Every structure is written in structure tokens, then in C-alpha cells.
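Undergrad: Once you've had a glance at the structure underneath, I'll fire off some questions.
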Amino acid sequence: MPAGEPRRVGYLYVVPALAVYGAFLLFPLLHSAWISLFEWDGLTLGTWAGLDNYLTLFAEDGLRSAFGHALVLILFFAVLPVILGLVLASALHRSRVRGLAFFRTVVFLPQVVAMVVVAVAWQQILAPDGPLNAALRAVGLDALAHNWLGEESTALIAVGLVGTWVQTGLTVVLFLAGIGRISGELYEAARLDGAGVFREFRSVTLPALRPDIAVALTLTVIASLRTFDLVYVMTPLGGPGESTTVPAYEIYYRAFQAGQVGSAAAIGVTLTALVFALSAVVLRVAGGRR
């Protein structure tokens, strides 16, 4: 800013971005919060309901299950991909394999494929007569063959493992970039001190990747909580019974099929608050004090 120019003029530069942010994010969020206070079918006049729609979240078994399933999916969409990403990125960096760019592209590929395509492909693979069960039967493991998406005990796990496959590519790329920023002198000093592979990882790689881990956890946790397309395509109507229902699916069902727009808005506002809370915890714990 030129000398002598009023400092508040600087704020004018961010006004266009703030206007877009307010119009397309803050206003819809506040409007959803207002709608959540009504019993409304989306067509006729709504009636004031106060906090009843929010109290319903804790009273209905189906909604409690949906939020419980979302928390289970965090294990598959966030925790497992971060662990696998750390292992794969460290192995690729340490072994210095030829064609690293090719491996990086392959593991990142699920991130650039439309999730609907991923869901349809895995739906075929996990079908009762699909390639997975055929491979298990071919090696004599008939007892392990299941109707993966048609049984309540395996449907949510199957969807979660597909999420692990998708998110692992993201974490590997993030961690490879982070490891690339670590000075080689640190690894050399650790080896001179007699550090092995695991001590080198624990003492050098892991502390240096802490900000990257925080970013990876934040992105994957958000992806797990707002997942809809995988569940909707792989297990129509929320799976056998309600075994794979998640909050995003409940929002769609109540708003566009059941005519319970107020209840859907309450779920959306609660899900948004949960995303903010978990993201803050992840950044606080994994990111540490900056």
C-alpha cells in the first residue's frame, strides 16, 4: 500500500471475495438454519417448530445410526488412508524407485475419477457373482465370499474400504511432497547416530510431516462426513435395512423424497457444526501450536 494511503482502503481489496463468500456460503447457511426452525414440506407454508427438528436428531434411532455410520466412516476415509499414506510415501521416498512420477499418478488416479464412476465400478466388483468373489472361490476361499453390499454386516465396511482406496492416493501425494521438503542432512545425521528405518521415521519424518498430516486428516475427515455419492450408488436406499445411511443421505431423502425440508435443514446445520468441530480438533491436535 503506498505511504500515506489510509490503512482501511486495504480492506476494499477483499470486499469482492467477501461478497461472493457471503452470497454463496454464509447466506445459504444462515437461511438453512432459519428453515430448520420450521416444519416445512417445501411447497406449502411452514409452521414454527423451534428446536423440535434438532431434538428429533437425538430421539430417532435412524438419525443416531446415520451419524454413527459417519463416525465409523472416518476410520476408513481418514485414519486408514493417513496410516497407509505415511507408510507408502516413506517407502517410495526411501527406496527411490524409478518412475516415481508414474506411481504417484497411479495412486492419485482415484481422486480424479468421478465418484459415481468409482461407485459403479466397485459395485460390479463386489457383486455376488463379481470378480472378488470369483477370485476367492478360485483359490478355495469360498467361505469368505459374501454378498458384500447386500448383507448388513459387510455393507458399511465395503463402502468404507472403497473410501480408503480413494483417499489413500491423496494422502500419499501430500506426504511425498512433505517428505521432499525435509533436508537430507537430517536423515544423514540420524543414520550417523545409528538410527534404523523405524527410528528415522519416528524421529525425522513424522515430526516434519505434522502439518501435512493435519491437512490430510482435515480433508479426509470432511470427505467422510459429507460422503453421499458412494452410499447412494453402491447401496441404494441406504443399504440393506439402514446399515449404510449417513447424514448426507438423510438430508437428500428428507428434503427431496419425504417432504421434510425443515428436518433436512436441521441435519445439514448439525453436520456443518460437526465438521467445524472435528476440523478444529484435528488442526489443534495434529497441527500443534504454530
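The values are calculated or read from the model by the stated rules, or taken from the named source; none is laboratory data. A quick note: this is a predicted structure, and the numbers were derived from the prediction, not measured. Because the Cβ atoms are built from the backbone with ideal geometry, glycine has one as well, and the counts that use them run over all protein chains shown. Heavy atoms of the whole protein, side chains included, go into the accessibility calculation; ligands, DNA and RNA do not. Shrake-Rupley method; radii C 1.70, N 1.55, O 1.52, S 1.80 Å.
Undergrad: At 0.36 nm per residue, and after removing the present C-alpha to C-alpha distance, how many nm does the segment from residue 60 to residue 137 gain when stretched out fully?
TA: 23.6 nm
Undergrad: Given a Förster distance of 45 Å, report the FRET efficiency between residue 21 and residue 100 from their Cβ-Cβ distance, rounded to the nearest 0.05.
TA: Details: r = 38 Å, r/R0 = 0.84.
The computed FRET efficiency comes out at 0.75.
Undergrad: Separate question: Please find, in a Gaussian network model of the chain (springs between Cα atoms separated by less than 10 Å), the residue of 221, 162, 113 whose mean-square fluctuation is greatest.
TA: Of 221, 162, 113, the most mobile in the Gaussian network model is 113.
Undergrad: Charges only on Cβ, +1 for Lys and Arg, -1 for Asp and Glu: so what's the dipole of segment 157-290 about the Cα centre, in debye to the nearest 20?
TA: The dipole magnitude comes to about 340 debye.
Undergrad: Please list, ordered by chain and number, the residues whose modelled amide H lies under 5 Å from the amide H of residue 242; skip anything fewer than 5 residues away on the same chain.
TA: So residue 242 has HN proximity to no qualifying residue.
Undergrad: Okay, next question. Would you work out the charge dipole size for the chain about its Cα centre, treating the Cβ of every Lys and Arg as +1 and the Cβ of every Asp and Glu as -1, and quote it to the nearest 20 debye?
TA: 1420
Undergrad: I would also like to ask the following. Let me spell out the model: positive unit charges on the Cβ of Lys and Arg, negative unit charges on the Cβ of Asp and Glu, origin at the Cα centre of segment 1-146. What dipole size does that give, in debye rounded to 20?
TA: With Lys and Arg at +1 and Asp and Glu at -1, about 1100 debye.
Undergrad: Ignoring ligands, DNA and RNA, how do 93, 69, 31 rank by accessible area with a 1.4 Å probe, largest first?
TA: Numbers: 93 50, 69 30, 31 85 Å².
Ranking 93, 69, 31 by accessible area, largest first, yields 31, 93, 69.
Undergrad: OK, next. For the chain, with a Gaussian network of springs between Cα atoms less than 10 Å apart, report the residue from 88, 18, 63 with the top mean-square fluctuation.
TA: It is 18.
Undergrad: Continuing with this model, one more query. Based on the mean of other Cβ atoms within 10 Å per residue, sort peptides 272-279, 167-174 so the most packed one is first.
TA: Output ranking for 272-279, 167-174: 167-174, 272-279.
Undergrad: For the chain, with a Gaussian network of springs between Cα atoms less than 10 Å apart, report the residue from 136, 149, 37 with the top mean-square fluctuation.
TA: Top of the fluctuation ranking is 136.
Undergrad: Here's something else I'd like to know. In whole angstrom, and with the biggest value first, how far do the Cα coordinates of the chain range along each principal axis?
TA: Rounded to whole Å, the extents work out to 80, 73, 30 Å.
Undergrad: A further question follows. May I ask which residue of 206, 194, 244 lies farthest towards the positive end of the charge dipole of segment 166-251, with charges of +1 (Lys, Arg) and -1 (Asp, Glu) on Cβ and the Cα centre as origin?
TA: Of the options given, the answer is 194.
Undergrad: While we're looking at this one, here's another question. State in Å² the accessible area per residue of segment 15-68; use a 1.4 Å probe, count heavy atoms of protein chains only, and round to the nearest integer.
TA: 70
Undergrad: Starting from 0.36 nm per residue, how many nanometres of slack lie between residue 144 and residue 276 once their C-alpha separation is accounted for?
TA: Values: separation 132, 0.36 × 132 = 47.52 nm, distance 3.94 nm.
Computed gain between residue 144 and residue 276 is 43.6 nm.
Undergrad: Now for a different question. Compute the FRET efficiency between residue 112 and residue 33 as 1/(1 + (r/R0)^6), taking r as their Cβ-Cβ distance and R0 = 30 Å, and round to the nearest 0.05.
TA: 0.30
Undergrad: Rolling a 1.4 Å sphere over the protein heavy atoms, what is the accessible area per residue of segment 74-175, to the nearest Å²?
TA: So segment 74-175 comes to 53 Å² accessible per residue, rounded to a whole number.
Undergrad: Sticking with this structure for a sec: Consider just the alpha-carbon atoms of segment 190-290 and return their Rg together with their Dmax, both in angstrom.
TA: Calculated on Cα positions, Rg and Dmax stand at 19.9, 67 Å.
Undergrad: Expressed as a whole number of Å, what is the distance separating the alpha-carbon centroids of segment 196-213 and segment 1-72?
TA: Taking the Cα centre of segment 196-213 as reference, the centre of segment 1-72 is 39 Å away.
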